[in-house]
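A short write-up of the structure that comes next.
No value in this document is a laboratory result; all are computed from the given coordinates. Not measured: the values here are computed from a predicted model. Heads up, the Cβs are rebuilt from the backbone with ideal geometry, glycines too, and the neighbour counts pull from every protein chain shown.
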Amino acid sequence: MTDLVRQEIAATADTIVVKIGTRPLTGDDGLLDEARIALLASEINALLDAGRRVVLVSSGAVGAGMGQLGLKNRPGDVAHLQAVAAVGQSYLVQTYNRALRVHNRHAAQVLLTADDLDERTRYLNVRNTLVSLLEMGAVPIVNENDTVSVDELLTTFGDNDHLAALVTNLLRAPLLVILSDVDGLYDGDPADPGSQRIELVKKIDSGTMQLAQAHVAGLSKGGMASKLRAARIATAGGENVIIASGKTPGVLGRIVAGETVGTLFLAQGSTITARKRWIGLTVQPRGYLVLDDGARRAIETSGRSLLAIGVTETVGDFAKGDVVALRDRLGQEFARGLTNYTADELRRIQGLRTEQIAAELGHCPYEELIHRDNLVLTG
């Protein structure tokens with residue numbers, strides 16, 4: 001069955017980011033299912049033949065490495081996990097490339113860390129590389145660089161769902177398709193016969209998030225909660241998202257035909273500028289500021305800049321020009337922005353009137369802690 005809204009979205013999706021998880025790519029034995037990858041490559045080729053551009057964010061490196069090394073269980077320590085990913089990543093990309101070469105297409109490996117997107121120049125370089133690959137007709141195979149990404153160093157995206165959302169925003173791709181082991185968001189446990197798949201989500205709110213049953217099992221790193229967080233990032237940037245089953249034959253073709261496959265999450269409002277999506281949706285904040293109610297209202301409803309008098313607490317160690325999150329007195333983040341002052345300076349001037357800053361610091365280079373042009377609402 002087709003749907004007019006989905007048909008319109010599909011018709012305008014000239015660039016599609018496809019994210020596929022570990023489970024649709026591997027069998028019960030942990031080995032890559034090369035037949036499934038061949039089918040996926042065929043579906044991607046059909047999209048390319050139709051004039052669309054496709055970026056694939058693929059999980060499966062750790063699972064592939066486990067299969068190659070004969071491991072039955074996912075390693076528990078970082079060093080061995082990264083080593084397994086290094087073995088698996090090369091095998092994964094080789095498998096994609098073989099499958100795409102059947103259609104005279106090329107796979108292009110792109111490995112990223114969070115730092116690559118946090119720093120503005122590197123962020124733009126990644127975008128330029130991906131755009132150039134798409135212009136050449138290649139299929140970028142994007143994955144987190146698991147061999148060097150570590151949570152403790154804040155260089156990890158957390159999971160490939162998050163990475164796919166960031167790539168979608170980076171390219172301003174109209175559609176993100178997340179292929180999972182379930183065929184969408186359900187109103188209950190997907191294993192319960194009484195649960196129903198939700199076909200359309202107009203806005204991701206707290207009620208939507210409560211439907212997710214996050215789990216980490218076997219080879220998979222994420223769960224539905226991870227996919228909903230990714231969908232929230234992409235839709236906030238003005239893109240549409242579909243979560244569907246990665247094991248359904250012809251799923252990509254059915255999606256671009258406008259069929260009611262999976263769960264569709266609608267874009268929220270108009271798209272935002274590339275610079276503001278980098279500030280508000282991509283960069284990991286280096287700290288956060290707690291604001292009083294008046295400052296929050298001034299930013300949210302009046303579009304004002306942030307002044308020192310509205311800050312009640314400064315948390316973190318950050319430099320001038322870093323991205324910081326803005327939270328209300330209950331700890332809820334509602335905005336992000338580029339700070340004009342360091343964390344140490346902010347601790348000295350928080351709560352002060354603008355005319356008092358020079359007396360405290362010896363100078364007042366900026367009246368605003370964060371200028372409204374460098375602020376993005378995220379709540």
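Quick one: length gained pulling GLU367 to SER42 fully straight, 0.36 nm per residue minus the C-alpha distance? Could the numbers behind the result be given before it?
Values: separation 325, 0.36 × 325 = 117.00 nm, distance 5.68 nm.
Extra length from GLU367 to SER42 when fully extended: 111.3 nm.
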request  = Starting from the amide H of TYR186, placed 1.01 Å from N in the peptide plane, find each other amide H under 5 Å away whose residue is 5 or more places distant or on another chain.
outcome  = ILE198
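Would you mind counting up the charge near GLY237? Only other residues with Cβ under 11 Å from its Cβ, with Lys and Arg at +1 and Asp and Glu at -1. Provide the component values of the computation, followed by the final result.
On the way: positive: ARG172, ARG232, LYS276, ARG277; negative: GLU239.
Net local charge, GLY237 excluded: +3.
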query = Calculated FRET efficiency, THR129 and PHE334, Cβ-Cβ r, R0 41 Å, to nearest 0.05?
reply = 0.75
ask   = Top mean-square fluctuation among SER245, SER42, SER59, Gaussian network model of the chain, C-alpha springs under 10 Å?
value = SER42
note = Amide H neighbours of LEU307 at under 5 Å, excluding residues fewer than 5 places away on the same chain, with H built from the backbone geometry, are LEU369
key: Read-out Rg/Rh (Cα atoms, Kirkwood Rh), derived from the coordinates shown; its label in (i) 1.01; (ii) 0.94; (iii) 0.96   = (i)
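Test of understanding: what is the full-extension gain from THR342 to SER195, defined as 0.36 nm times their sequence separation minus their Cα-Cα distance?
Gain on extension, THR342 to SER195, equals 47.9 nm.
With r as the distance between the Cβ atoms of HIS80 and ARG101 and R0 = 35 Å, compute the FRET efficiency 1/(1 + (r/R0)^6) and round to 0.05.
Values: r = 32 Å, r/R0 = 0.92.
Using R0 = 35 Å, I get an efficiency of 0.60.
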Counted charge near ASP328, where neighbours are those whose Cβ lies closer than 13 Å (Asp, Glu -1; Lys, Arg +1) = -1
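As an exercise, use a Förster radius of 45 Å and the Cβ-Cβ distance of ASP187 and ALA358 to find the FRET efficiency, rounded to the nearest 0.05.
Working: r = 58 Å, r/R0 = 1.28.
Using R0 = 45 Å, I get an efficiency of 0.20.
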inquiry  = Please list, in order, the residues from segment 41-79 whose amide nitrogen is less than 20 Å from a point placed 7 Å along the Cα→Cβ vector of GLN94.
reply    = 41, 58-72
inquiry  = I'd like the orientation of helix 78-101 relative to the chain: the angle between its Cα long axis and the longest Cα principal axis, in ° from 0 to 90, rounded to 10.
reply    = 50 degrees
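Given segment 285-377, what percent of its DSSP beta bridges are antiparallel, to the nearest 5?
Details: 14 of 17 bridges.
Of those bridges, close to 80 percent are antiparallel.
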Mean-position separation - Cα centroids, segment 254-313 and segment 72-123, in angstrom = 30 Å
inquiry  = Give the aspartates and glutamates whose C-alpha is closer than 17 Å to that of LYS202, dropping any in the same chain fewer than 8 places away, or say none.
reply    = ASP3, GLU8, ASP187, GLU239
inquiry  = Rounded to the nearest 5, what % of DSSP beta bridges with both residues in the chain are antiparallel?
reply    = 40 percent
remark   = Quick calc: nm separation of the 7 Å Cα→Cβ label points for ASP292 and LEU4 -> 5.1 nm
query = Quick one: net charge of GLN196's neighbours, Cβ under 14 Å, K/R +1, D/E -1?
reply = -4
ask   = If you stretched the chain out fully between GLN210 and ARG172, how much longer would it get, using 0.36 nm times the residue separation minus the C-alpha to C-alpha distance?
value = 10.9 nm
note = Over the chain, the sum of -39500 (n - 2.57) across DSSP H runs of at least four, divided by residue number and rounded to 500 deg cm²/dmol, gives at 222 nm -11000 deg cm²/dmol
